[in-house]
1. Take the residues in the range 256-272 that are open to solvent by 70 Å² or more (accessible area, probe 1.4 Å) and not in a loop (DSSP other than H, G, I, E, B); name whichever of them is modelled with the highest pLDDT.
2. Can you work out which of the residues in the range 227-255 that are in contact with a Gly (Cβ under 9 Å, 6 or more places away or on another chain) and not in a helix (DSSP H, G or I) is most open to solvent (accessible area, probe 1.4 Å)?
3. Would you mind stating whether Ala350 is at pLDDT 90 or above, open to solvent by less than 70 Å² (accessible area, probe 1.4 Å) and small (Gly, Ala, Ser)?
4. State which residue is farthest from Arg303 (Cα to Cα) when the search covers only the range 149-166 and only residues that are part of a strand (DSSP E or B) and open to solvent by less than 30 Å² (accessible area, probe 1.4 Å).
5. Which one of these does Glu141 not meet: (1) in a loop (DSSP other than H, G, I, E, B); (2) surrounded by fewer than 24 Cβ atoms within 10 Å (Cβ to Cβ)?
6. Residue by residue through the range 280-294, note down the ones that are open to solvent by less than 30 Å² (accessible area, probe 1.4 Å) and not aromatic (Phe, Trp, Tyr).
7. Find the residue count for the range 311-333, including only residues that are touching a strand residue (DSSP E or B) at 6+ places or on another chain (Cβ under 9 Å) and in a loop (DSSP other than H, G, I, E, B).
8. Need pairs with beta-carbon distance below 6 Å; first residue closer than 13 Å to Asp53 by Cβ and within the range 85-110, second modelled with pLDDT of 95 or more and open to solvent by 50 Å² or more (accessible area, probe 1.4 Å); sequence gap 6+ or separate chains.
Amino acid sequence: MRILVTGCYGYIGSELVPRLLAQRHQVFGLDSGLYRDWVLDDERLVVPCVADDVRDVTRADLVGLDAVIHLAALSNDPLGRVGRELTLDINTRATVRLAEMSKQAGVPRFLFASSCSLYGNAGSALLDEDARVTPLTSYAESKALAERSLALLANDSFSPTFLRNATAYGVSPGVRLDLALNELVANVATTGRVVLRGDGLACRPLVHVEDICRAFEAVLSAPRKLIHSRTFNVGRTEDNYCLGELAELTHQLVPSRMDYEPGNGADRRSYRVDCSRLAQEVPGFRPRWTVADGIEQMYEAFRAGGMTRADLDSDRFDRSRALRAHVAAGRLAVDLRWKPEIVAARLNGATELHPRPTFRATYKSSCAGPASRGVRL
């Protein structure tokens with residue numbers, strides 16, 4: 001298939017693109033490059049790019065494609081704090097525009113990376129895809145509004161599918177430490193401490209980044225009638241955890257001491273999710289990772305790769321900090337587009353705008369195994 005992957009240098013995209021290439025798909029990319037300099041092992045991601053910014057895609061860029069996998073977004077709640085209108089502009093309006101042009105260009109499938117965060121605060125109930133959504137943040141609202149608009153575009157020739165990803169964890173070339181479990185494990189790998197901030201009562205469903213990729217692969221190859229305008233929670237129903245439970249599990253699995261720190265009040269976002277529909281209705285999807293396996297994978301990878309506390313405290317693996325660093329350095333305009341002089345520098349080959357992390361230098365060679373944990377870089 002000829003596939004466009006937006007956000008190809010992101011946390012999910014940098015794992016998904018090599019997998020699609022290995023399956024002999026023809027892959028095109030789109031990515032603004034905000035975090036590209038910190039992608040580990042990025043030679044695996046060399047694909048033709050149709051545009052830098054999802055807001056700049058044209059219909060001509062999409063002609064002849066068999067599918068669009070749309071991952072690009074301001075990708076979590078902290079990033080959504082740049083402002084509601086800007087979040088809606090990138091995550092909702094640009095998404096709908098991309099889908100409309102895909103439909104006009106004859107692209108039959110549009111796979112949208114949504115989020116379970118749009119369930120908001122649902123208490124202890126186990127929510128399936130038909131549950132009411134109650135987004136509490138600009139990010140969650142942007143995903144809910146995009147889903148609603150994309151569903152209206154569905155017809156006999158255009159099939160949107162909505163993959164509501166649980167909270168991701170695990171190692172990928174675009175590794176992030178601003179995700180709940182990743183941050184916990186990075187803390188213990190670099191300091192020996194499992195740090196629980198706040199009361200730990202907020203609950204989340206979790207899913208390994210590789211299993212997110214498996215979900216997109218399964219939907220991509222599934223018969224149209226099974227995925228046409230369908231919504232799927234992506235994760236394992238068994239892997240709903242409160243944050244305190246995650247901290248305790250991490251403490252049990254890796255050498256550490258448990259520390260408790262006050263938080264900034266209770267986290268209002270708390271929900272548990274039923275993820276059975278995808279495995280039951282889409283052939284070929286079976287999640288392979290448990291949270292316990294993911295904790296051990298990350299701990300081994302971070303330790304073997306020489307990650308330090310400086311890496312943890314830097315803006316290298318934290319999307320919100322990285323964005324603020326670009327703004328502080330004057331690289332981005334108020335609409336989060338690259339300023340013209342930065343675009344010119346990138347076109348002239350000066351693509352690295354900040355130093356590569358030292359973690360990257362040892363990561364590739366030190367973390368070739370163990371295969372049982374899926375550390376493949």
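The values are calculated or read from the model by the stated rules, or taken from the named source; none is laboratory data. This is a predicted model, so every value here is computed, not measured. Reconstructed Cβ throughout: ideal geometry from the backbone, glycine too, with neighbour counts over all protein chains shown. The area values use the complete protein model at the heavy-atom level, side chains included, leaving out ligands, DNA and RNA. Shrake-Rupley method; radii C 1.70, N 1.55, O 1.52, S 1.80 Å.
1. Pass one, the range 256-272, residues open to solvent by 70 Å² or more (accessible area, probe 1.4 Å): 257, 260, 262, 264, 266, 268.
Still in the list and also not in a loop (DSSP other than H, G, I, E, B): 257, 260.
Details: Arg257: 92, Tyr260: 88.
Ranking the qualifying residues of the range 256-272, first place goes to Arg257.
2. Per the criteria, the residue is Pro255.
3. Values: at pLDDT 90 or above: no; open to solvent by less than 70 Å² (accessible area, probe 1.4 Å): yes; small (Gly, Ala, Ser): yes.
Considered against the rule, which asks whether it is at pLDDT 90 or above, open to solvent by less than 70 Å² (accessible area, probe 1.4 Å) and small (Gly, Ala, Ser), Ala350 comes out as no.
4. Of the range 149-166, the ones part of a strand (DSSP E or B) are 155, 158-165.
Those still in the list that are open to solvent by less than 30 Å² (accessible area, probe 1.4 Å) too: 158-165.
On the way: Phe158: 46, Ser159: 43, Pro160: 41, Thr161: 38, Phe162: 36, Leu163: 32, Arg164: 31, Asn165: 27 Å.
Here the residue is Phe158.
5. Unmet condition: (1).
6. From the range 280-294, those open to solvent by less than 30 Å² (accessible area, probe 1.4 Å) are 282, 285, 289, 291, 294; that's our starting set.
Listed by number, the residues that qualify are Val282, Val291, Gly294.
7. Residues in the range 311-333 being touching a strand residue (DSSP E or B) at 6+ places or on another chain (Cβ under 9 Å) and in a loop (DSSP other than H, G, I, E, B): 1 in total.
8. none
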